[in-house]
Amino acid sequence: MTLTAPQTQLPPAPPSGRGSGPGHRSAARRREALTGYMFTAPTVIGFLVFVLGPLVAALYLSLTKYNILTAPKFVGLDNYVRMFRDERLATTYGNTVLYVGAAVVLINGFALLFAVLINQRLPRALTYVFRSAYFFPYLVALVYVSIIWQALFQKDTGILNYYITAMGGERIDWLNSSEFSKVSVIIVDTWRNVGFAMLIFVAALQEVPKDMVEAARMDGANEWQVFRRIILPMISQATFFNITITIIGAFQIYESIIVLTRGGPGDASRSVVMYIAEVAFNKFDMGYASAIAVTLFVIIMLVTLVQFRLRKSWVNNE
């Protein structure tokens with residue numbers, strides 16, 4: 001019989017200290033925080049330099065008399081009081097409000113119509129063709145789009161007047177008429193931006209549950225009732241997004257007016273942004289231009305806040 005010594009179980013080795021302990025965890029958290037700061041730094045710096053910085057500078061200059069050549073002179077609220085006596089500013093604000101209203105109705109109306117048509121049961125290849133055709137103008141720079149439309153709007157050689165006269169009508173002075181200069185700007189703005197809004201609506205329509213639509217039809221609902229009672233509430237978030245983006249963009253309309261009408265005749269088609277550029281860089285009245293820019297910013301912000309306030313009453317969050 002062989003006797004064996006009892007085996008003793010050795011205690012586990014103590015941790016070496018590397019990779020554990022409160023000190024290491026604190027260092028890891030600092031590295032993670034530093035990594036996060038590095039990833040967010042470009043966005044934060046860009047916001048401070050290109051958004052917040054110019055906004056603060058404009059707010060300061062709006063309280064001064066500044067012509068670029070001399071140092072700013074503080075004048076308090078004189079520039080804001082001056083705006084109430086500026087008839088040209090009232091005219092340009094009236095034009096801009098018209099552009100905003102037309103953009104909201106026409107861009108979103110045509111975009112929704114085209115989206116519904118594209119969302120029908122069409123061959124996939126044909127659907128891609130229609131999407132590309134409608135969206136392509138949005139990819140082209142607005143200046144180039146306006147140059148093309150400027151040629152189409154010419155009174156004597158434009159293709160629009162060619163077809164109007166061919167049907168027995170009279171030539172329209174699209175670009176030099178007080179009545180039609182704004183119409184030409186609205187047409188170009190609508191044609192160029194309807195594609196982007198259409199894609200948003202198409203994406204929203206594809207998320208509408210088809211079984212819900214089929215159930216409504218089986219219950220006897222016609223196409224208009226299905227669209228009004230089911231589809232519109234289901235795409236209300238896309239509608240809210242498109243309306244918000246359209247309003248903000250229309251308040252800042254500028255390039256198409258410069259190319260098409262240069263704001264004329266007179267101020268018949270001039271927008272607020274175009275008037276700001278004229279006051280700032282033609283008359284070198286940077287203080288007054290900054291005051292107008294600040295008021296435009298406040299108006300856009302208030303309109304957007306009102307939209308978000310009313311959002312709960314008609315936007316479906318589900």
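The values are calculated or read from the model by the stated rules, or taken from the named source; none is laboratory data. Just so it is clear, the model here is predicted, and its values are computed rather than measured. Glycine gets a Cβ as well: all are built from the backbone with ideal geometry, and neighbour counts include every protein chain shown. Protein only, heavy atoms only, side chains kept; ligands, DNA and RNA dropped before computing areas. Shrake-Rupley method; radii C 1.70, N 1.55, O 1.52, S 1.80 Å.
Which of the following residues is assigned to a helix (DSSP H, G or I), at pLDDT 90 or above, open to solvent by 30 Å² or more (accessible area, probe 1.4 Å) and within 19 Å of ILE118 (Cβ to Cβ): PHE196, PHE201?
Among PHE196, PHE201, only PHE196 is assigned to a helix (DSSP H, G or I), at pLDDT 90 or above, open to solvent by 30 Å² or more (accessible area, probe 1.4 Å) and within 19 Å of ILE118 (Cβ to Cβ).
Kindly state which helices (runs of 4 or more DSSP H) lie completely within the range 96-177 and contain at least 1 residues that are within 18 Å of ILE245 (Cβ to Cβ).
Qualifying helices (runs of 4 or more DSSP H): 108-118, 124-139, 142-152.
Checking LEU69 against (1) at negative phi; (2) without any contact (Cβ under 8 Å) to a residue 24 or more places away in the chain; (3) exposed (fewer than 11 other Cβ atoms within 10 Å of the Cβ), only one condition comes out false. Which one?
Only one criterion is unmet by LEU69, namely (2).
Exactly one condition in (1) modelled with pLDDT of 90 or more; (2) crowded, with 17+ Cβ neighbours inside 10 Å; (3) more than 30 Å from ASP173 (Cα to Cα) is not met by LEU310; state its number.
Checking LEU310 against (1) modelled with pLDDT of 90 or more; (2) crowded, with 17+ Cβ neighbours inside 10 Å; (3) more than 30 Å from ASP173 (Cα to Cα), the one that fails is (2).
Considering only the range 18-64, state which residues are in a helix (DSSP H, G or I), among the hydroxyl-bearing types (Ser, Thr, Tyr) and either modelled with pLDDT of 90 or more or closer than 30 Å to TYR288 by Cα (or both).
Passing the criteria: THR40, THR43, TYR60.
Would you confirm whether or not the range 88-103 contains a residue that is farther than 20 Å from ILE248 by Cα and touching a Phe, Trp or Tyr at 6+ places or on another chain (Cβ under 8 Å)?
Scanning the range 88-103 turns up at least one residue that is farther than 20 Å from ILE248 by Cα and touching a Phe, Trp or Tyr at 6+ places or on another chain (Cβ under 8 Å).
Tell me whether the range 110-126 contains one or more residues that are surrounded by 11 or more Cβ atoms within 10 Å (Cβ to Cβ), within 24 Å of MET274 (Cα to Cα) and modelled with pLDDT of 90 or more.
no
Write out, first by first residue and then by second, each pair whose Cβ atoms fall under 9 Å of each other, whose residues are 6+ apart or on separate chains, and whose first residue, in the range 27-56, is in contact (Cβ under 8 Å) with a residue 60 or more places away in the chain while the second is open to solvent by 70 Å² or more (accessible area, probe 1.4 Å).
Listed by first residue and then by second, the contacts come to LEU55/PHE297.
Could you tell me which of the residues ILE245, ILE276, ILE253 is within 30 Å of SER178 (Cα to Cα), surrounded by fewer than 18 Cβ atoms within 10 Å (Cβ to Cβ) and not charged (D, E, K, R)?
Step by step, each of ILE245, ILE276, ILE253 is checked, and only ILE245 is within 30 Å of SER178 (Cα to Cα), surrounded by fewer than 18 Cβ atoms within 10 Å (Cβ to Cβ) and not charged (D, E, K, R).
Among the residues of the range 76-83, are any among the polar types (S, T, N, Q), more than 16 Å from LEU199 (Cα to Cα), open to solvent by less than 30 Å² (accessible area, probe 1.4 Å) and part of a helix (DSSP H, G or I)?
Among the residues of the range 76-83, at least one is among the polar types (S, T, N, Q), more than 16 Å from LEU199 (Cα to Cα), open to solvent by less than 30 Å² (accessible area, probe 1.4 Å) and part of a helix (DSSP H, G or I), which makes the answer yes.
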